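The block underneath contains the structure these notes are about, expressed in structure tokens.
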Amino acid sequence: LARDTTTLKRLETMRSDFVANVSHELRTPLSVVYGVAETLTDEVGDNPEIGRSVRLLQEQAERMKHLVDDLLLLARLESGGAPRNGRWVDVPALLPGLVEEARVLSGARNHQLELEATPGLLLFGNETELRSAFANLLFNAVHYTPDGGQITLRWSSDNQAGYLEVEDTGIGIEPQHIDRLTERFYRVDNGRSKSRGGTGLGLAIVKHVLMRHDAHLRIRSNPGQGSRFTCVFPAKLLRQSLAERERAGGGS
């Protein structure tokens with residue numbers, strides 16, 4: 001049994017190219033609108049009525065800018081196979097910076113953030129793409145975990161694979177939504193997601209970054225019991241740093 005998917009593939013390519021081109025064309029006018037809004041903010045001074053409108057303009061322009069940036073990133077991820085400029089990424093050195101950014105994002109919400117990382121465990125891939133994927137998972141946990149909740153970021157491995165895990169004590173996800181979470185623009189709760197300022201593309205970006213690294217995303221969650229998002233990387237992409245191997249061997 002055979003089926004010709006040429007037309008389907010052509011339509012998918014056209015859709016992807018259209019989204020990428022439109023997003024690219026939107027970047028310049030959005031930058032202008034955002035710049036004008038910043039200038040007006042300085043000009044209106046203490047005028048409360050006009051100032052409120054200008055702040056709203058600036059917020060919405062910034063939100064659209066984030067959306068365009070995510071669309072362009074997603075289009076780029078979808079267009080290729082394995083990532084270019086691959087190298088051995090020092091993940092344990094990368095993660096503390098993400099945790100600090102998550103603390104800033106948490107602010108007065110006072111989440112308890114913990115990091116557990118196997119020293120010297122390196123991952124082969126594109127550092128920029130991997131950082132984007134890990135940041136999306138961690139920042140999502142901050143958005144959807146109640147004030148004062150616990151968020152743990154882990155990096156470890158066993159004989160089969162490497163694991164980047166984000167676990168939280170957040171609101172959890174209903175089972176019927178889990179399989180669709182990585183679809184672009186899919187939202188479990190539209191109102192709640194929009195109030196957090198998300199673009200609805202974060203997990204789609206995570207999925208495509210992992211696919212380009214021969215990896216996959218595993219999601220475990222229950223309503224009211226938090227969530228665990230795990231990036232599973234093949235063992236062939238892992239190695240211990242030379243310094244850590246020497247340390248484990250007693251310096252020999």
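The values are calculated or read from the model by the stated rules, or taken from the named source; none is laboratory data. No experiment lies behind these values; they were computed from the predicted model shown. Here the Cβ is made from the backbone with ideal geometry for all residues, glycine too, and neighbour counts use every protein chain on show. Side chains are part of the model used for accessible areas, which takes the heavy atoms of the whole protein and leaves out ligands, DNA and RNA. Shrake-Rupley method; radii C 1.70, N 1.55, O 1.52, S 1.80 Å.
Listed values, structure above:
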item	result
Computed label-point distance, nm, for sites Lys65 and Arg87 using a 7 Å Cα→Cβ extension	2.8
Gyration tensor verdict on the stretch 24-130 (Cα atoms; rounded if a/c is under 1.5, prolate if a/b is larger than b/c, oblate otherwise)	oblate
Net dipole in debye of the chain [+1 Lys, Arg Cβ; -1 Asp, Glu Cβ; about Cα centre; nearest 20]	820
Nearest-20 debye value, the stretch 86-207 charge dipole, Cβ charges on Lys, Arg, Asp, Glu	500
Amide H within-cut-off set for Gln150, under 5 Å, with H built and near neighbours excluded	Gln112, Thr169
Rounded to 10°, Cα long-axis angle of helix 127-143 versus longest principal axis of the chain	70
Cα gyration tensor, the stretch 56-205 - rounded (a/c under 1.5), prolate or oblate	oblate
The chain: calculated mean residue ellipticity at 222 nm from DSSP helix runs of at least 4, using -39500 (n - 2.57)	-17500 deg cm²/dmol
Largest to smallest accessible area among Phe134, Phe124, Phe139, Phe229 [probe 1.4 Å]	Phe124, Phe139, Phe229, Phe134
Cα long-axis angle, helix 6-44 against the chain (0 to 90 degrees, to the nearest 10)	60
Selected from Leu95, Thr145, Ser221, residue furthest toward positive end of dipole (the chain; charges at beta carbon)	Ser221
Separation in nanometres of the label points that stand 7 Å from Cα toward Cβ, at Leu242 and Glu174	5.5
Long-range lysine pairs (8 or more apart or interchain), the chain, Cα under 23 Å	5
